[in-house]
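*Asks:* First, the structure itself, so that you have it in front of you.
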Amino acid sequence: MGEREKSGYIGTSVPRREDKRLLLGQGQFIADLTLPGMLHVAFVRSTVPHARIKSVDLARAAAAPGVRFVISGIDLAKELPPKLERDHPLSQVWRETIPHKIFQPREPLLAWDKVRHVGEAVAAIVADSHYLAEDAVDLAVVDYELLPPVVDPEAALRPDSALLHERYGTNALVEFSITKGDAERVFESHPRTLKRRIYHHRYGAVPMECRGVAAAYDARADAVTIWSSTQVVHRVRSEAALILGLPEARVRCLALDVGGGFGVKCHIYGEDLLLPYLARRIGRPVRWIEDRREHLQAACHSRDQVHEAEIAFDDTGKILALRDSLIMDCGAWNPIGIGIPGNTACHIMGPYKIDNFSVHARAVATNKTPNAPYRGAGRQEAVLVMERLMDLVARELGMEPTAVRRRNLITPAEMPYSVGIPYRDGQPIVYDSGDYPLALDKALEAIGGLDEFRRRQREARSNGRYLGLGLGLYTEGTGVGPFEGATVRIEPGGKISVGSGACPQGQGMETIYSQITADLWKVKPDDVVVSLADTAVIPMGFGTIASRSTVNVSSAIYVASERLRSKVLAIAANMLECAAADLELRDGRISVLGSPGASVSLADVERASRPGWNHQRPKGVDAGLEETYYWEPPTVTWSYAVHAVIVEVDVPLGHVKLEQYAIAHDCGVVVNPKLADGQVMGGTVQGIGGALFEEYSYDAEGQLHTGSLADYLMPTASDVPSFKLVHLESPSRLTPLGVKGLGEGGAIAPPVAIANAVCDALAPFGVEFNATPIKPEDIFRALRRAA
């Protein structure tokens, strides 16, 4: 199709087509699904963080009213011998050039030898109703041999620590180092350095809809259908087929409407695989719906990294070297291997020119819920480190924090910019496009300008009020591989069908993909039928994670459409007795250039393409109008943003009020500005929650103290300011339509932007906040210590 033509729909705020069914109550979520003869599953979950399972007595549970089937992890292990290790795919470059070790134990469907965190499932109860199953859970008796709980990841590295996975001889499940230049030499020779311990705490996605799975077995076909509120239907299908010993062709997985995922639903849980096993074992459909208490205990948590970071700089604020040693508390298991600490390491340098860099990363097992991606997946931690250090350098030199940043920002003239280290996909990190100084300018303009704020700040301080300005700048690798596919088909009647393995959870994918397809085919979005999150739609798919779906699916739609259009034009040319080069697409028809009256519709061409005696295909053109293409990105595209926030701190109470919040964001070509705004603002609200409110808190015995929404505090409307958004567009060189990823961006910078703002507000007291969340009691204690 050549260069992207000026769009009719790309760049337009087309209303979300998904909203009508959702607003009218016509959506269908996993908890709405009812199957004939369906039974309900509940789980017996561990109440202790670390113990050997001596026995599980389910006799009383099995005899309870309405109970149809019970099974413990011990009995399940006899029927399905556990697979102890999970594959940990690494690029060849990482394997050969990055010093590393990785252990990736596979979580059992039900714990059978040990429990490793509170909330781990040890048995399943199947009953006529959810309530009867829950009642029977209380009748199960589990005999544990208690083991020492491992709660502190740094203590877990000591030789005398108890081990979660004894076969490895260590609690360090991941370890690697990345270097650039010679950071050690710089630190040895340069007098201007500072070092801080920086901690990003544990919190999680907590979507509106918890997890859920249903499954049905077809004995005639020896086939299983799985419904899961997942972000990765094809991966669920593959794992289930492996567990059940079935060919993938006999396993179908689909996700209905999903009420939020944000990463917590992006990998395979034991429930995803146990439910289809139970359906086949019992011979009746089964369903499990996670409640909120289960979700907070058993669905993966995120973040939780401690960094010992050190920076070297000169008298002008130029950064000379950065080195960091990080430990991630990965909880009891390591679901995605090197992914999160790898993300952190790759993003620490952000938009700055740093010639000498060294990072040593470890992921350490503890008796907590496993740690897995949540909207940002390691980037928040990286940005917290880099952006706190930038403010600390500015304070050390008596400079304006914006000036230190400008001194080190990569300029547009340097694009594409080679960072000098590899990304997780093994390819060298090269920022493909962008204007970082302009984004900083735009964000500051949106809050009224730096000079005007400093004037207001001085005036407020003279009146006993404390205002602060915080910045958070970041770059974000988006659209990671290995692939995503799209099938484009011309339907009878002329509508265009698009199918993909992407799995929406509220992003508006049906709308976005219909806009893209409508532009490519010169039709209206209403003429595009979009089918997603169903393994029956397309043979292979990777799923929706890591700000990758629009980048990769749009590219797959583009190439598939380009190939299919060649076939459509060839058939139309045969029908109109002209050359294909003389034809154009317009309003759902194929017309002769300069003679719009000489045309055929897409419906006409579809009929002409069918097999049979009366087809109108030219010689050598196969029947049917369908094309599938799998886009394999060469590497990631690089989005970026600047967050600027003004806060007021109530010193006596320690309360932080967000007064203004501005975001300058660049995700390449913006397909739908209104949906892009929603993504950025929604992510920013989640980041505000991480900065000030949300926290998974464990005691020294490994018990979760924030196991309900009465204890796990989330932001409400009264905590959120109005946002000022500025979209910049620097099209990516790596994608046909110039798009970059967007979904995670808003959530990355708020924790550090707010931390910097609070520190700026309280600068007269000389306090620092290098750990999240920043709670009123933290501010109160810091001020009291300073006094």
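*Asks:* Which pairs do you get when a residue that is outside any loop (DSSP other than H, G, I, E, B), found in the range 759-775, comes within reach of a residue that is modelled with pLDDT under 95, reach meaning Cβ atoms under 6 angstrom, with the pair 6+ apart or on two chains?
*Replies:* Partner pairs satisfying both residue conditions: Phe765/Leu783; Phe765/Ala786.
*Asks:* If we scan the range 746-759, do we find a residue that is surrounded by fewer than 19 Cβ atoms within 10 Å (Cβ to Cβ) and over 18 Å from Val680 (Cα atoms)?
*Replies:* So far as the range 746-759 goes, no, none of its residues is surrounded by fewer than 19 Cβ atoms within 10 Å (Cβ to Cβ) and over 18 Å from Val680 (Cα atoms).
*Asks:* How do the helices (runs of 4 or more DSSP H) wholly within the range 431-525 filter down when requiring 3 or more residues that are buried (at least 23 other Cβ atoms within 10 Å of the Cβ): which remain?
*Replies:* 436-446, 509-521
Yes/no per residue for (1) over 30 Å from the mean Cα position of the chain (by Cα); (2) open to solvent by 50 Å² or more (accessible area, probe 1.4 Å); (3) aliphatic (A, V, I, L, M):
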site: Gln26; (1), (2), (3): no, yes, no
site: Ile30; (1), (2), (3): no, no, yes
site: His50; (1), (2), (3): no, no, no
site: Ala61; (1), (2), (3): yes, no, yes
site: Leu80; (1), (2), (3): yes, no, yes
site: Glu85; (1), (2), (3): no, yes, no
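*Asks:* If you don't mind, there's one more thing I want to ask. Look through Ser730, Ser718 and report the one residue that is of a type in the set (Gly, Ala, Ser), closer than 30 Å to Lys442 by Cβ and assigned to a loop (DSSP other than H, G, I, E, B).
*Replies:* Details: Ser718 fails: assigned to a loop (DSSP other than H, G, I, E, B).
The conditions single out Ser730.
*Asks:* So the check is Cβ under 7 Å with 6+ separation or different chains; which pairs have a first residue in the range 294-318 that's part of a helix (DSSP H, G or I) and a second one that's charged (D, E, K, R) and at pLDDT below 95?
*Replies:* none
*Asks:* Yes or no: the range 662-670 includes at least one residue that is closer than 20 Å to Val758 by Cα, open to solvent by 10 Å² or more (accessible area, probe 1.4 Å) and assigned to a strand (DSSP E or B).
*Replies:* no
*Asks:* Checking Thr34 against (1) within 29 Å of the chain's Cα centre (by Cα); (2) outside any strand (DSSP E or B); (3) not small (Gly, Ala, Ser), which single condition isn't satisfied?
*Replies:* (1)
Matching residues to (1) modelled with pLDDT of 95 or more; (2) in contact with a helix residue (DSSP H, G or I) (Cβ under 6 Å, 6 or more places away or on another chain):
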| residue | (1), (2) |
| --- | --- |
| Met1 | no, yes |
| Lys6 | no, no |
| Arg52 | yes, no |
| Leu58 | yes, no |
| Ala61 | yes, yes |
| Ile71 | yes, no |
| Asp75 | yes, no |
| His117 | yes, no |
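*Asks:* Report, by residue number, each residue of the range 589-627 that is assigned to a loop (DSSP other than H, G, I, E, B) and buried (at least 18 other Cβ atoms within 10 Å of the Cβ).
*Replies:* Arg617, Leu625
*Asks:* Exactly one condition in (1) open to solvent by less than 60 Å² (accessible area, probe 1.4 Å); (2) at pLDDT below 95; (3) more than 30 Å from Arg197 (Cβ to Cβ); (4) part of a helix (DSSP H, G or I) is false for Arg95; which is it?
*Replies:* Only one criterion is unmet by Arg95, namely (1).
*Asks:* A follow-up question, please. Being assigned to a strand (DSSP E or B), surrounded by 14 or more Cβ atoms within 10 Å (Cβ to Cβ), touching a His at 6+ places or on another chain (Cβ under 9 Å) and aliphatic (A, V, I, L, M) is true for just one of Val174, Val122. Which residue is that?
*Replies:* Val174
*Asks:* For residues in the range 98-115 being open to solvent by less than 10 Å² (accessible area, probe 1.4 Å) and part of a loop (DSSP other than H, G, I, E, B), which is farthest from Ala63 (Cα to Cα)?
*Replies:* Gln104
*Asks:* Listed residues Ala691, Ala676, Ala641; which is in contact (Cβ under 8 Å) with a residue 24 or more places away in the chain, within 16 Å of Ala747 (Cα to Cα), open to solvent by less than 10 Å² (accessible area, probe 1.4 Å) and in a strand (DSSP E or B)?
*Replies:* Among Ala691, Ala676, Ala641, only Ala641 is in contact (Cβ under 8 Å) with a residue 24 or more places away in the chain, within 16 Å of Ala747 (Cα to Cα), open to solvent by less than 10 Å² (accessible area, probe 1.4 Å) and in a strand (DSSP E or B).
*Asks:* Count, please, the residues in the range 353-389 that happen to be part of a loop (DSSP other than H, G, I, E, B), of a type outside the set (Val, Ile, Thr) and either buried (at least 24 other Cβ atoms within 10 Å of the Cβ) or within 23 Å of the chain's Cα centre (by Cα) (or both).
*Replies:* Within the range 353-389, the subset part of a loop (DSSP other than H, G, I, E, B) is 353-356, 366-370, 372-378.
Checking the rest, the ones that are also of a type outside the set (Val, Ile, Thr) come to 353, 355-356, 367-368, 370, 372-378.
Now drop any that are not either buried (at least 24 other Cβ atoms within 10 Å of the Cβ) or within 23 Å of the chain's Cα centre (by Cα) (or both), which leaves 367-368, 370, 372-378.
So the count comes out to 10.
*Asks:* Determine, yes or no, whether Val393 is within 19 Å of Ala312 (Cα to Cα), of a type outside the set (Ser, Thr, Tyr) and either in contact with a helix residue (DSSP H, G or I) (Cβ under 6 Å, 6 or more places away or on another chain) or surrounded by fewer than 24 Cβ atoms within 10 Å (Cβ to Cβ) (or both).
*Replies:* Criteria met by Val393.
The values are calculated or read from the model by the stated rules, or taken from the named source; none is laboratory data. Fair warning: this is a prediction, and the values are worked out from it, not measured in the lab. Here the Cβ is made from the backbone with ideal geometry for all residues, glycine too, and neighbour counts use every protein chain on show. Side chains included, ligands, DNA and RNA excluded: accessible areas come from the protein's heavy atoms. Shrake-Rupley method; radii C 1.70, N 1.55, O 1.52, S 1.80 Å.
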